[in-house]
Amino acid sequence: MIIAIDGPAGSGKSTTAKIVAEKLGFIHINTGAMYRGIALKCLKQDINPDDIVEMENILSETAFQLSGEDGSQMYMNGKDISFEITSTEVTETVSRISAIPMVREKLVHYQREMAEGQDVVLEGRDIGTVVIPNADFKFFLIADIDERAKRRMKDMETKGEIVTLEELIGELAERDRKDSTREHSPLKKAEDAVEIDTTGLSIEDQVDCIVEIVKNNNK
């Protein structure tokens, strides 16, 4: 069974998807981590994303693997990238990386391979529309931008990064604009997706809502 969870940054999809997968005994695939991994490589190797040859080289030498006890931990070339890809620098770069057609084509191929024949929860921005359009269940999480900024600020504070709420609101608004207007695989709700407004909802509420829908419609 494949469950697709899409939504903008800060809507709660990553944490929700992870816990939904745990509750159902599924594998969790964070597709955004792959794009962040490529962004991280570009930053570390000082690669210009507009350099087609260099980007082709990076993609050809990059492999993603699922590891950990539940098979849900993302590794890039054998290394756990979970912490490094959450940096502000990567966050500021990933929209540009994810808009590159060859990057999306390569990573979508990976994502489909990882999901094939598995019980998985995939989360991202185009799972239900592009990556797995025939997913068994599709959800699209939204939230007020102020709420999303507060969540992001809390996450950053736990890592010792200090930023104002106003700055984060501006960054999220720009990220939303880039993600929803890019030419290839823009952020949008699949026609048959269940929309969940997570503003004011706890993670537990979000998880319970999704798990209940899946269980009630999979009897």
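All of the numbers you see were taken from the coordinates with simple rules; none came from a lab. Keep in mind it's a predicted model, so treat the numbers as computed, not measured. Cβ sites come from the backbone with ideal geometry, for glycine too, and all protein chains shown count toward neighbours.
Count Lys and Arg as plus one, Asp and Glu as minus one, and take only other residues whose Cβ is under 13 Å from that of Ala115; the net charge is then -4. Between amide H atoms placed 1.01 Å from N, distances below 5 Å from Ile196 occur with Phe140, Leu141, Ile142, all of them 5 or more places distant or on a separate chain.
Pairs from the table (Lys44/Lys150; Lys79/Lys188; Lys79/Lys150; Lys79/Lys154; Lys18/Lys154) lying more than 23 angstrom apart at Cα are Lys44/Lys150; Lys79/Lys188; Lys79/Lys150; Lys79/Lys154. Phi angles across region 171-184 convert, under the Karplus curve 6.51 cos²θ - 1.76 cosθ + 1.60 with θ = phi - 60°, into 3J(HN,Hα) values of 5, 5, 4, 5, 5, 4, 4, 5, 5, 8, 10, 5, 5, 9 Hz, Gly and Pro given as x. Taking amide H atoms as placed 1.01 Å from N in the peptide plane, the amide H of Gly12 has no partner under 5 Å among residues 5 or more positions away or on other chains.
In order along region 60-67, the Karplus-derived 3J(HN,Hα) couplings, from 6.51 cos²θ - 1.76 cosθ + 1.60 at θ = phi - 60°, round to 5, 9, 10, 10, 10, 9, 9, 9 Hz, and Gly and Pro are given as x. Most tightly packed first, judged by the mean number of other beta-carbon atoms within 10 Å of their residues, the peptides 150-158, 90-98, 202-210 read 90-98, 202-210, 150-158. Per-residue packing, averaged as other Cβ atoms within 10 Å, sorts the ranges 132-142, 25-35 into the order 25-35, 132-142, beginning with the highest. Count Lys and Arg as plus one, Asp and Glu as minus one, and take only other residues whose Cβ is under 12 Å from that of Val163; the net charge is then -3.
Between the entries (i) 23.6, 70; (ii) 16.6, 51; (iii) 20.2, 86, the label attached to Rg and Dmax of the Cα atoms in Å calculated for this structure is (ii). Working note: Karplus 6.51/-1.76/1.60 with θ = phi - 60° gives region 78-92 the couplings x, 10, 5, 9, 3, 7, 4, 6, 8, 5, 4, 4, 5, 4, 6 Hz, where Gly and Pro are set to x. Estimated at 0.36 nm per residue, the fully extended path between Asp144 and Leu165 surpasses their Cα-Cα distance by 6.2 nm.
Given the Cα atoms of region 28-70, and with Rh set as the inverse mean 1/r over their pairs in the Kirkwood sense, what is Rg to Rh to two decimals? Dividing the radius of gyration by the Kirkwood radius yields 1.05. Take the Cβ atoms of Asn77 and Asp155, set R0 to 22 Å, and the FRET efficiency comes out at 0.30.
Straightening the chain between Asp192 and Met1 buys 67.1 nm, computed as 0.36 nm per residue apart minus the Cα-Cα spacing. Equivalent ellipsoid of region 23-99: semi-axes from √(5λ) of the C-alpha gyration tensor, largest first, are 24, 13, 10 Å. Less than 5 angstrom separates the built amide H of Ile27 from those of Asp119, Val120, Val121, all sequence-distant by 5 or more or on a different chain. Label sites at Glu116 and Glu61, each approximated as a point 7 angstrom past Cα along Cα to Cβ, lie 2.7 nm apart.
Going highest first, how would you order 57-65, 161-169, 193-201 by mean Cβ packing within 10 Å?
Details: 57-65: 14.1, 161-169: 12.6, 193-201: 16.7.
Result, highest mean Cβ count within 10 Å first: 193-201, 57-65, 161-169.
Between Ile47 and Val211, the FRET efficiency estimated from the beta carbon spacing at R0 = 41 angstrom works out to 0.50.
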